[in-house]
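Heads up: the structure comes next, in structure tokens.
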């Protein structure tokens, strides 16, 4: 399993995107968040094809913080079912990985034995 992850989140509200980015970095759940404006998304919702102008967040983090990021994004996000997807980072500059590690939490804030976290 990869130690580091990229996370992708989209929203139609740039202010929400900025709030998510700032929160994740301030809480050390992400080392860096890029916000890419002016995306056009096509998707199916309520059995209809929709088109929405969105912004995308690209979040750099550690594998151990995935559940924390999902919880933090859901608290802030304006969608009932936000896109929060992760991809393993399998190769890259070791110095950059060291930087991600140094600027994120060592371990998860979520207690694994809490009832709401059991699956």
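Looking at this structure, is residue 24 modelled with pLDDT of 95 or more and surrounded by 14 or more Cβ atoms within 10 Å (Cβ to Cβ)?
Spelling it out, residue 24 is indeed modelled with pLDDT of 95 or more and surrounded by 14 or more Cβ atoms within 10 Å (Cβ to Cβ).
So residue 54 ticks every box in (1) at pLDDT 95 or above; (2) loosely packed, with under 15 Cβ neighbours inside 10 Å; (3) farther than 26 Å from residue 105 by Cα but one. Which box is left unticked?
(2)
Using beta carbons and a limit of 6 Å, which pairs, at least six apart or on different chains, have the first residue in region 3-18 and on the phi > 0 side of the Ramachandran plot and the second one assigned to a helix (DSSP H, G or I)?
Nothing qualifies.
Filter region 65-100 for residues that are more than 16 Å from the chain's Cα centre (by Cα) and not in a loop (DSSP other than H, G, I, E, B); which is surrounded by the most Cβ atoms within 10 Å (Cβ to Cβ)?
Selected residue: 97.
The values are calculated or read from the model by the stated rules, or taken from the named source; none is laboratory data. Nothing here was measured: the structure is a model prediction, and the numbers come from that model. Methodologically, a virtual Cβ is constructed for each residue, glycine included, from the backbone with ideal geometry; neighbour enumeration extends over all protein chains shown.
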